[in-house]
Amino acid sequence: MRIIDYTVTVRSVHAAPRTETFRLVTSLLDHRQAPARQLAQIYHERWEIENSYAELKNRLRGVGFILRSKSPDLV
């Protein structure tokens, strides 16, 4: 396993910059084939896509239809 720490700084016109460190654990061991920066960018892109799909699923069902369970029976 390979552990990669990377830092992300978020800047906003309405707030002070915020910096967070993330840790990525991967089985890709060759740092030449899979550089840490590239893995971090790809991982970020993947979660942007996942979040977009989740948003689409919630919106495509229409108003009043909620995909998330609201009772133990629906879990």
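The values are calculated or read from the model by the stated rules, or taken from the named source; none is laboratory data. All figures in this text were calculated on a predicted structure; none of them were measured in a lab. Every residue, glycine as well, gets a Cβ built from its backbone with ideal geometry; the counts of neighbours run over all protein chains shown.
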- Query: Just to be sure, is ILE42 of a type outside the set (D, E, K, R) and surrounded by 10 or more Cβ atoms within 10 Å (Cβ to Cβ)?
  - Reply: yes
- Message: Quick check on segment 48-63: of everything there that is modelled with pLDDT under 85 and either hydroxyl-bearing (Ser, Thr, Tyr) or assigned to a helix (DSSP H, G or I) (or both), which residue is surrounded by the most Cβ atoms within 10 Å (Cβ to Cβ)?
- Response: ASN58
- Residues of segment 1-47 that turn out to be part of a helix (DSSP H, G or I) and among the polar types (S, T, N, Q), as a count: 2
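Suppose the filter is in contact with a Pro (Cβ under 8 Å, 6 or more places away or on another chain) and loosely packed, with under 10 Cβ neighbours inside 10 Å; does ARG11 pass it? Break it down into steps so the answer makes sense when it comes.
Values: in contact with a Pro (Cβ under 8 Å, 6 or more places away or on another chain): yes; loosely packed, with under 10 Cβ neighbours inside 10 Å: yes.
Yes; evaluated as a whole, the condition is true for this residue.
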- Note on the structure: How many residues of segment 20-38 are among the polar types (S, T, N, Q), more than 9 Å from ILE4 (Cβ to Cβ) and either surrounded by 10 or more Cβ atoms within 10 Å (Cβ to Cβ) or in contact (Cβ under 8 Å) with a residue 24 or more places away in the chain (or both)? The answer is 2
